[in-house]
Amino acid sequence: MSLVIRLARAGTKKRPVYHIVVADSRSPRDGRFIERLGFFNPLMPKEKTERLKFDLEKAQAWMKKGAQPSDRVTRFLDAAGILKRDKRNNPEKAIPRKERRAAKEEATKAKEGADAAAKTAATTKANEKAASDKADKAAAAKAAEAPAAS
């Protein structure tokens with residue numbers, strides 16, 4: 001049984017409140033859980049202390065038992081100084097989707113152009129080799145005929 005420390009949504013429509021729970025990873029997000037560790041209210045201002053209540057000792061105990069925190073819970077633990085969160089780097093995130101799509105299309109066109117150029121170069125090289133082989137055979141045949149005629 002793999003355990004995960006994650007958020008379970010509560011609250012009403014467009015007014016979310018999240019419970020921080022320990023649950024089996026196979027159970028539904030808002031379904032069965034083992035223990036509730038706290039809550040998170042994203043609608044409150046960041047400077048208010050009521051925004052997040054999290055029992056860190058219980059979380060550490062569950063992590064020692066093998067529970068894996070979700071990304072958002074890892075952020076909370078990193079802010080508390082318990083767990084170090086790996087820094088992520090996505091340089092394309094700041095680029096608008098239209099520009100990313102245009103750049104991707106340009107890259108595919110450039111690749112197709114390079115592939116076509118390589119194909120034409122390969123066929124040209126093959127034609128040149130065939131022509132040189134034919135010329136060599138003709139020269140060899142002519143050389144074979146010349147001593148026989150003498």
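Values quoted throughout were computed directly from the atomic coordinates according to the rules given, and no laboratory measurement underlies them. Note that the structure is predicted; figures quoted are calculated from it, not measured. FYI the Cβ positions are ideal-geometry reconstructions off the backbone, even for glycines, and counts take in every protein chain you see.
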Within the set A117, A102, A138, GNM on the chain using Cα springs under 10 Å gives the largest fluctuation to A138
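Multiply the residue separation of K58 and L43 by 0.36 nm, subtract the distance between their alpha-carbon atoms, and state the gained length in nm to one decimal. Present the calculation step by step, with values, prior to reporting the outcome.
Details: separation 15, 0.36 × 15 = 5.40 nm, distance 2.50 nm.
Using 0.36 nm per residue and subtracting the Cα-Cα distance, I get 2.9 nm.
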Under 5 Å from the placed amide H of E35, counting only residues 5+ away or on other chains, we find V22
Set of lysines with alpha-carbon distance to K14 below 20 Å, sequence-local pairs under 8 removed: K46
Net charge dipole size for the chain [Lys, Arg +1 and Asp, Glu -1 on Cβ; Debye, nearest 20]: 1020 debye
Separation in nanometres of the label points that stand 7 Å from Cα toward Cβ, at D30 and A141: 8.5 nm
Excluding residues fewer than 8 positions from K64 in its own chain, the lysines with Cα under 21 Å of it are K53, K84
Largest fluctuation, S25, S132, S70 only, Gaussian network model of the chain with Cα springs under 10 angstrom, belongs to S132
Give the lysines whose C-alpha is closer than 19 Å to that of K134, dropping any in the same chain fewer than 8 places away, or say none. K125, K142
So for the chain, taking the charge dipole from beta-carbon charges (+1 Lys/Arg, -1 Asp/Glu), which of V17, A141, S27 sits furthest toward the positive end? V17
How far is the Cα center of segment 112-135 from the Cα center of segment 1-67, in Å? 64 Å
Out of these labelled values of percent of Cα pairs over 28 Å apart, [x] 27; [y] 30; [z] 57, which was calculated from the coordinates shown here? [z]
For A10, what residues show an amide H to amide H distance below 5 Å, using hydrogens built from the backbone and excluding near sequence neighbours? V17, Y18, H19
Put +1 on the Cβ of every Lys and Arg and -1 on every Asp and Glu Cβ in the chain; which of N41, L77, L7 then has its Cα farthest towards the positive end of the dipole? N41
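Which value at 222 nm does the chain reach when only helices count, each DSSP H run of 4 or more adding -39,500 (n - 2.57), with the total divided by all residues and rounded to the nearest 500 deg cm²/dmol? Could you put the intermediate results ahead of the total?
Details: 3 runs with 72 residues, N = 150.
Helix contribution divided over all residues of the chain: -17000 deg cm²/dmol.
Scan the chain and hand back the longest stretch that contains none of the trypsin sites (Lys or Arg not before Pro) lying in DSSP loops with at most 10 other Cβ atoms within 10 Å.
Numbers: sites that count: K13, K14, R26, K46, K48, K65, K84, K87, R88, K93.
The segment 94-150 is the longest one with no such site.
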Checking segment 1-106 for GluC sites (Glu not before Pro) in a loop per DSSP with at most 15 other beta-carbon atoms within 10 Å yields E47, E92
